[in-house]
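Written out below as structure tokens is the structure these notes cover.
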Amino acid sequence: MANITKRTNKKGEVSYRIKVFAGYTATGKQITHSMTWKPDPSMTCGKP
């Protein structure tokens, strides 16, 4: 399962944190992978 969180800094720049849950270890700890994606400033929202 993935979780995407929109983040905005004080300058108004937007980035997205993408966190993926990839199961459990043999000891029961949850395995997670995460990355931050920063869209190109020329990209638009796409809403009409």
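Values for this structure:
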item: Label-point separation, residue 5 to residue 33 (7 Å along Cα→Cβ), nm; result: 2.0 nm
item: Extension gain, residue 14 back to residue 40 (0.36 nm per residue minus Cα-Cα distance, nm); result: 8.4 nm
item: Value of relative contact order over the chain, rounded to a whole percent, pairs C-alpha under 8 Å and six or more apart; result: 29 percent
item: Summed residue charge, Cβ within 10 Å of residue 34's Cβ, Lys/Arg positive, Asp/Glu negative; result: +2
item: Neighbourhood net charge (13 Å Cβ-Cβ; Lys/Arg +1, Asp/Glu -1) for residue 17; result: +4
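Computed from the coordinates by the stated procedures, all read-outs in this text should not be read as laboratory data. For clarity, every value in this text was computed on a predicted model and none was experimentally measured. Counting neighbours? That spans all protein chains shown, and the Cβs are built from the backbone with ideal geometry, glycine included.
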